[in-house]
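What follows is one structure encoded as structure tokens, with my remarks underneath.
The values are calculated or read from the model by the stated rules, or taken from the named source; none is laboratory data. If you're wondering where the values come from, they're calculated on a predicted model, not measured in any experiment. Cβ placement follows ideal geometry from the backbone for every residue including glycine, while neighbour counts extend to all protein chains displayed.
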Amino acid sequence: MPARRTGAQTRVELNGRPVDVHLSRAAEQALAERQQPLLAEMELYFSCLIRYQVRFQEPTDGSGIVVNDKLQLRFRPVMTARCGNDYAGDEPPLTDFPIEKPAAFTPHWLQIDYRRGQWQGEFGY
């Protein structure tokens, strides 16, 4: 796991496993200024390669778990139908990737920072 930044740490349960959520001081301050919660979605992308990415968005369906009153968390494994770079957009269309035992793929930690007006996140095992 990368070195911890100063700020807040919270442990939540996701898919029956503990996930340590680390917020930098800048992230704590930016969250405190928000009127509504932010959803941090940890995306595990399966295709010709495996990619980890944290996407930040406004929660719409309540499917995230509550970290605190300003932050929700979700884990989403996704895949593409086929490999290749012949898609008309930036990325090929994604679909949810069904996993029989999601706990085995659930990340152990998530770090969130806020720099130059942008949310940044990293997760790992």
For the range 29-48, what are the residues that are within 15 Å of Thr95 (Cα to Cα) and out of contact with any Pro (no Cβ under 9 Å at 6 or more places or on another chain)? Glu41, Cys48
Can you tell me which residue in the range 32-47 is surrounded by the fewest Cβ atoms within 10 Å (Cβ to Cβ), limited to those that are part of a strand (DSSP E or B) and of a type outside the set (Asp, Glu)? Phe46
Restricting attention to the range 16-31, which residues are surrounded by fewer than 14 Cβ atoms within 10 Å (Cβ to Cβ), under 23 Å from Ile99 (Cα atoms) and charged (D, E, K, R)? none
Condition first: farther than 18 Å from Ala104 by Cα, under 15 Å from the mean Cα position of the chain (by Cα) and at pLDDT below 95. Now tell me which residues in the range 1-36 satisfy that. Thr10
